[in-house]
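Please find one structure pasted underneath; my questions will follow.
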Amino acid sequence: MSTRQKVICIIFLISLLSGCAGMITKWECTDNSCLSYERAVNKCLAQANAAYSRNKQAIWRQCMRGEGYQCIPCTREERRTNPDCKFRHIY
């Protein structure tokens, strides 16, 4: 399995567990100083997993926002073509 496929699998698993619920959305960098998406996801997963809290999902979302990412709706075209567009991004 290639690195890209592993990242997609990890992102898919994360999408089953976190953040923007209720519509097809993606996390997008809001400024030019963001870590890469994969690095931000991994950093936030580590931070949420290290927390002694039941609300790891909120910790993950807050971390993603702190890294400069925002949860935004996907366009109709993106829903078919962008693998980052998910119904739920769940930690």
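Which of the following residues is more than 15 Å from LYS86 (Cα to Cα) and either modelled with pLDDT of 85 or more or surrounded by fewer than 18 Cβ atoms within 10 Å (Cβ to Cβ) (or both): MET64, MET23?
So the residue among MET64, MET23 that is more than 15 Å from LYS86 (Cα to Cα) and either modelled with pLDDT of 85 or more or surrounded by fewer than 18 Cβ atoms within 10 Å (Cβ to Cβ) (or both) is MET64.
Just need a number here: residues in the stretch 26-35 that are farther than 17 Å from ILE72 by Cα and loosely packed, with under 13 Cβ neighbours inside 10 Å.
The total comes to 1.
What do you reckon, is ALA46 closer than 23 Å to THR3 by Cα, small (Gly, Ala, Ser) and crowded, with 18+ Cβ neighbours inside 10 Å?
Against the criterion (closer than 23 Å to THR3 by Cα, small (Gly, Ala, Ser) and crowded, with 18+ Cβ neighbours inside 10 Å), ALA46 does not qualify.
Next up: For the stretch 37-91, which fully contained helices (runs of 4 or more DSSP H) count at least 1 residues that are under 17 Å from MET23 (Cβ atoms)?
56-66, 76-81
The values are calculated or read from the model by the stated rules, or taken from the named source; none is laboratory data. Since the model is a prediction, treat every value here as computed from it, not as a measurement. Please note: Cβ atoms are built from the backbone with ideal geometry, for glycine as well, and neighbour counts cover all protein chains shown.
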